[in-house]
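Take a look at the structure set out below.
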Amino acid sequence: MLILAKAMMAIMLGFICAIICGLIFIPLLKKMGIGQQVYEELNKRHLKKQGTPTMGGIIFIIPVLASLAYLYISGSISFSYNLTVLIFVFLAYGFLGFIDDFLKVKYKNNDGLSVVTKFMCQMAIALVFFYLFMKGGGSSVLRLSFLHLELNLGWGFGIFIFLLLVGTTNAVNISDGLDGLCGGLSMISFLAYGIIAWNCSWLPGYQEIAIFSFILVGALIGFLMFNSHPAKVFMGDLGSLSLGGALATIAILTRHEFSLALIGGVFLIEVISSLIQIVAIRRFKKKVFLKAPLHHHFEELKWEETDIVKLFYTAGLFLAMIAITYGVWL
């Protein structure tokens, strides 16, 4: 019961702080003219979102940091090595996203950082994480529990970590295309990993990682109060990259890397749909989807935005429940 009480407190703390941040920062973002640029070639229905404040990721990033600081000062948690590494990745990818958003707002386009620059920065963060992970006693052994296999990848594990971090951050970023979609799916994912982390008693600082996840769940629920259709603010790359980085980091620290394929299953499907579309167009000069990623395909089929989001939420929750059942119970 104590675990449940701590989880509820963390969620409540994150939620309240996010509501306060939303009420403070959304008017401030509007006043500063930090708005989203929307182009007709993407989707005509999105033109009405022109000028909606972006960089809203600050609404859930600050509550996480403030809540952790409060819990630490009150003696409720301690800052373990693994929690420090998690916070580093969370903020590092968030800062990268902030720079990308800042350039888009400054030059009033959707270009931001070049693909090469963003990729190099993502790789640098992944390399620092790999160094910190191994220095903290991390193992390069990859466990495939469902096949009862253990693979010692050595330095190849660094490549695996890089692919997981970069892949997850970009997958979450791609999914940020409809009101409430990315925030809701991320909330479900962190809720699942919070439950998994609390059952990893072998991991130093496992309770703090779980509390981080639950605070972020609450903060994302608060964020969705402003981001649900019709959105009053968008999270921007500041939010999506920080979420993707934190999600992959928790998966690696808890050694539930392959659970990410289920917990982040909708994110994975979104990326795969984009890759299929790119290959089909470049190789065969044909489209598989009306528009990629997948949520835009449903838009082209004239689905209501809210119906698409509800469908994706349902799929994400179902996959997360399967992952929790396997990762915690079985």
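Since every read-out is calculated from the coordinates, none of them should be taken as a lab result. For clarity, every value in this text was computed on a predicted model and none was experimentally measured. Reconstructed Cβ throughout: ideal geometry from the backbone, glycine too, with neighbour counts over all protein chains shown.
Tell me which lysines have Cα within less than 27 Å of K310's Cα, excluding those fewer than 8 residues away on the same chain?
Of all the lysines, those that pass the test against K310 - Cα under 27 Å, at least 8 places apart if same chain - are K44, K48, K49, K232, K287, K291, K302.
Note down the net charge around T117, summing +1 for each Lys or Arg and -1 for each Asp or Glu among other residues with Cβ under 15 Å from its Cβ. Before the final figure, lay out each step's value.
Details: positive: K104, K118; negative: D100, D101, D111, D237.
Overall, the nearby charge balance is -2.
Please list, ordered by chain and number, the residues whose modelled amide H lies under 5 Å from the amide H of L142; skip anything fewer than 5 residues away on the same chain.
L151, N152, L153
When the helices in the chain are scored as -39500 (n - 2.57) per DSSP H run of 4 or longer and the sum is shared across all residues, what 222 nm value do you end up with, to the nearest 500 deg cm²/dmol?
That calculation yields -23000 deg cm²/dmol at 222 nm.
Charges at C-beta only: +1 for Lys and Arg, -1 for Asp and Glu. How large is the resulting dipole of segment 2-256 about its Cα centre, in Debye rounded to 20?
For this selection, approximately 380 debye.
Please give, to one decimal in nm, the separation of the simple spin-label points placed at Y72 and I278, each 7 Å out from Cα toward the Cβ.
With each label point 7 Å from Cα toward Cβ, the separation is 3.8 nm.
Give me the distance between the Cα centres of segment 157-235 and segment 308-330, rounded to whole Å.
Taking the Cα centre of segment 308-330 as reference, the centre of segment 157-235 is 14 Å away.
Could you tell me which of G177, G94, I125 has its Cα farthest along the dipole of segment 2-256 towards the positive end, charges placed at Cβ (Lys, Arg +1; Asp, Glu -1), taken about the Cα centre?
G177
Mind running the shape call on segment 2-256? Use the C-alpha gyration tensor, a ≥ b ≥ c as the square roots of the eigenvalues: rounded below 1.5 for a/c, prolate if a/b tops b/c, oblate otherwise.
Values: a/c = 2.02, a/b = 1.35, b/c = 1.50.
Judged from the Cα gyration tensor, segment 2-256 comes out oblate (a/c at least 1.5, b/c at or above a/b).
Where Lys and Arg each count +1 and Asp and Glu each count -1, what net charge lies around L260 among other residues with Cβ under 15 Å from its Cβ? It would help to have the intermediate numbers written out before the result.
Details: positive: R143, R255; negative: E257, E270.
Charge balance in the 15 Å sphere: 0.
Most mobile of L294, L220, L185 per a Gaussian network model of the chain (Cα springs, under 10 Å)?
Among L294, L220, L185, the largest mean-square fluctuation in the Gaussian network model of the chain belongs to L294.
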